[in-house]
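Heads up, the thing below is written out as structure tokens.
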Amino acid sequence: MDAAMDELLDRKTASEGELKEAFCVFDGNEDGFVCAVELWSVMRRLGFKEGRRYEDCMRMSHIFDEDRDGRISYLEFRRMMEGCEDFLVQIDGMFMP
Ligand SMILES: [Ca+2]
Ligand SMILES: [Ca+2]
């Protein structure tokens with residue numbers, strides 16, 4: 001899972017399959033949605049300063065939750081990744097030694 005994430009971040013552009021794999025990394029309980037708690041736990045694992053506080057992850061999930069159902073669907077996740085090159089660059093930096 002992490003190796004797939006690495007490869008995705010290497011190339012900055014993601015194929016459909018790679019995005020799905022990345023989505024699975026975030027969707028810890030595999031219910032097909034990423035909730036704020038799941039976002040929080042992955043962000044902390046990756047060492048994001050933005051992800052240190054649960055409130056920030058809540059805010060972030062609200063920003064990308066376009067249909068306001070309180071969770072990030074795969075489509076919303078995809079837009080999050082596509083619209084946020086900085087986000088990928090930032091994740092990339094986290095993997096640097
Ligand atoms: Ca989930
Ligand atoms: Ca949603």
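The values are calculated or read from the model by the stated rules, or taken from the named source; none is laboratory data. These numbers come from a predicted model, not from an experiment. So basically every Cβ, Gly included, is an ideal-geometry build from the backbone, and we count neighbours across all protein chains shown.
Annotations
- Of all residues in the range 59-78, those that are under 19 Å from Asn29 (Cβ atoms) have Cβ atoms under 9 Å from Cβ atoms of residues that are more than 7 Å from ligand 2 (Cβ to nearest atom) and of a type in the set (S, T, N, Q), 6 or more apart or on another chain, in Gly70/Ser61; Arg71/Ser61; Ile72/Ser61.
- Close contacts from the range 16-28, counting a first residue that is within 15 Å of ligand 1 (Cβ to nearest atom) and a second that is of a type outside the set (A, V, I, L, M) and assigned to a helix (DSSP H, G or I), with Cβ to Cβ under 6 Å and a gap of 6+ residues or different chains, come to Phe23/Tyr74; Phe23/Phe77; Phe26/Glu38; Gly28/Glu38.
- For the range 32-72, a residue qualifies if it is within 16 Å of ligand 2 (Cβ to nearest atom) and either at pLDDT below 90 or assigned to a helix (DSSP H, G or I) (or both), and the qualifying residues are Ala36, Val37, Glu38, Leu39, Cys57, Met58, Arg59, Met60, Ser61, His62, Ile63, Phe64.
- Flag: Gly83 does not match the condition of being within 16 Å of ligand 2 (Cβ to nearest atom), modelled with pLDDT of 90 or more and either surrounded by fewer than 12 Cβ atoms within 10 Å (Cβ to Cβ) or aromatic (Phe, Trp, Tyr) (or both).
- Number of positions in the range 1-31 that are in a helix (DSSP H, G or I) and modelled with pLDDT of 95 or more: 0
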